[in-house]
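The values are calculated or read from the model by the stated rules, or taken from the named source; none is laboratory data. Being a predicted model, the structure only gives us computed values, none of them experimental. Glycine also receives a Cβ, built like all others from the backbone with ideal geometry; neighbour counts cover every protein chain displayed.
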Amino acid sequence: MAKNDPYAALRIKEFNIFLIVRFALVFGWSMQFVVIEWQVYALTEDPLALGLIGLCEFLPAFLIAPFAGHIVDKKEKRNLFTLCIALFSLISFGLYWLTSERIESSWSTYTILIGIYSLVFFGGVLRAFFGPTIFSLIALLVPKKAYPNAATWSSSTWKGANVFGALCGGFLIAWIGVHYTLGIIFLLVMLALLLVFKIDKKPILNKRINESIKDSLKSGLRFVFNDKVILGALTLDMIAVLFGGAVAIFAVFAKDILDAGPKGFGILNAALSSGSIITMLATTYIPITKNTGKKLLISVFGFGVCMMIFGASKLMWLSVLALFFSGVFDGISMVVRQTILQLKTPDDMRGRVGAVNSMFVGSSNELGALESGIAARIFGAPLAVVLGGMVTLIVVAVIGVKNESLRELDLQKDIEEHELEDIV
């Protein structure tokens, strides 16, 4: 077997451009999330209002995702990615406009909230297309033998952008205010729109031109639900995000429990992602390919334990430490899941599988935000997070016992087979 090259994917020019574009988009989206959460809580002081943000983004992302996957498999990926970015710029500009002094002084709080929720809903529609488009595009930028390395760098870029986006979002709210922070986000999105044209158009690998939408959706869902490894990995991540995550109510912890203000709010968001990116960068040198299934189960279990500690903590330093190590475990989980999907998904089904991934994992972020808001309203934020961590541990135990295919998964054999394919 060839020696591991930690920079294999980075030696491809178009992949580097893709990483820059993705960093700019996620950096902006991460800041935008922080700003919206802070602004909505400042307007309402109601954790349920934060949960409604998640619901507004979850509904379209979940319902449209299967159809988005069908469209992605039929369309050219670079142009579709470009269209998604252009539409995202409209959302960023809309939020920038909604938070201007003129609008805040002439519109009621209720009207402004409706405007924010509407733009978030539109963002959910775009999320349904972003996920499968990016998943499909990566496979067209690098050879198969570099899929694990590309997945690691792409995930690291995503998490790195989350780190700095969340951190900068919190600090910029304190320094220049919500309105001008959203203006910076709009400029970042426009930068990504300009750079994406440096990526060439790619071939459409799905040749089933006459396949009906119904048959296309059935084949995509059938593939995912018949593959125990993919289904188990997606289920683990979905439950961890849905019940174990608490990002949506970080504002409650920062303001009411830890008394940390907007800067502390940014630090809490960044702590979670910083642990992930450090871990994922480490996996470019130390690939997670041996005993992959067991490592995935352990990482999700560790994530649940860390979130329980965070929920019970009333000390800022302990909360940050718990979130950092939850990020470490989350980083391992993300790299493993993305590598599994890239290696085991046929080229002509990447859009549909990416869409199902968005339904399981991407949409669970938004649904998890709703769950967190409701649970925080009923039980209080600390107990809600602790209970969510406990649910995560229970699910990991059940899947670990019942899903032998995932438990015994070892990706090294798949990687070696793809290396032989590229040589042939």
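Before we move on, is K144 at pLDDT 85 or above, of a type in the set (D, E, K, R) and over 22 Å from the mean Cα position of the chain (by Cα)?
no
Is there a residue in the range 60-82 that is under 17 Å from T157 (Cβ atoms) and of a type in the set (F, W, Y)? Even if it seems obvious, please write down each step before you answer.
Residues of the range 60-82 that are under 17 Å from T157 (Cβ atoms), as a first pass: 81.
After this cut, where a residue has to be of a type in the set (F, W, Y) as well, the list is 81.
Yes, the range 60-82 contains a residue that is under 17 Å from T157 (Cβ atoms) and of a type in the set (F, W, Y).
Could you grab me the full set of residues in the range 400-412 that are surrounded by 20 or more Cβ atoms within 10 Å (Cβ to Cβ) and either at pLDDT 90 or above or farther than 15 Å from I340 by Cα (or both)?
Listed by number, the residues that qualify are G400, N403.
With at pLDDT below 85 and either surrounded by fewer than 20 Cβ atoms within 10 Å (Cβ to Cβ) or touching a strand residue (DSSP E or B) at 6+ places or on another chain (Cβ under 6 Å) (or both) as the only criterion, which of A282, A246, A251 stands out?
Answer to the selection: A282.
Go through the range 103-119 residue by residue and tally those that are within 18 Å of Y41 (Cβ to Cβ) and not in a helix (DSSP H, G or I).
1
So G354 passes all but one of these: (1) touching a helix residue (DSSP H, G or I) at 6+ places or on another chain (Cβ under 7 Å); (2) more than 22 Å from D410 (Cβ to Cβ); (3) at pLDDT 90 or above. Which condition number does it fail?
Status for G354: all satisfied but (3).
When you go through (1) within 23 Å of the chain's Cα centre (by Cα); (2) modelled with pLDDT of 85 or more; (3) exposed (fewer than 15 other Cβ atoms within 10 Å of the Cβ); (4) not charged (D, E, K, R) one by one for F197, which number turns out not to apply?
Looking at each condition in turn, F197 falls short on (1).
Residue-wise test of (1) farther than 25 Å from A86 by Cα; (2) outside any helix (DSSP H, G or I); (3) in contact (Cβ under 8 Å) with a residue 12 or more places away in the chain; (4) hydroxyl-bearing (S, T, Y).
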{"site": "L182", "(1), (2), (3), (4)": "no, no, yes, no"}
{"site": "F186", "(1), (2), (3), (4)": "no, no, yes, no"}
{"site": "D200", "(1), (2), (3), (4)": "no, yes, yes, no"}
{"site": "L205", "(1), (2), (3), (4)": "no, yes, yes, no"}
{"site": "L236", "(1), (2), (3), (4)": "yes, no, yes, no"}
{"site": "F250", "(1), (2), (3), (4)": "yes, no, yes, no"}
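Looking for whichever is modelled with pLDDT of 90 or more, among the small types (G, A, S) and either at positive phi or over 20 Å from the mean Cα position of the chain (by Cα) (or both) here; the options are G115, G177. Which one fits? Steps first, please.
Working: G177 fails: modelled with pLDDT of 90 or more.
Exactly one residue qualifies, and that residue is G115.
Within the range 87-144, can you find the residues that are touching a residue at least 40 places away in the same chain (Cβ under 8 Å) and basic (K, R)?
R127, K144
Limited to the range 1-14, what total is found for residues that are of a type outside the set (V, I, T) and either over 11 Å from W153 (Cα atoms) or at pLDDT 95 or above (or both)?
So the answer is 8.
Among the residues of the range 200-222, count how many are modelled with pLDDT of 75 or more, within 18 Å of A139 (Cα to Cα) and basic (K, R).
Matching residues across the range 200-222 total 2.
Could you say which residue among F122, F93, F27 is farther than 30 Å from L383 by Cα and crowded, with 24+ Cβ neighbours inside 10 Å?
Result of the check over F122, F93, F27: F27.
Just one of the numbered conditions (1) closer than 30 Å to L409 by Cα; (2) in a helix (DSSP H, G or I); (3) at pLDDT below 80; (4) not aliphatic (A, V, I, L, M) is not true of F225; which one?
Answer for F225: the failing condition is (3).
Answer yes or no as to whether V72 is farther than 29 Å from V40 by Cβ, assigned to a helix (DSSP H, G or I) and in contact with a helix residue (DSSP H, G or I) (Cβ under 9 Å, 6 or more places away or on another chain).
yes
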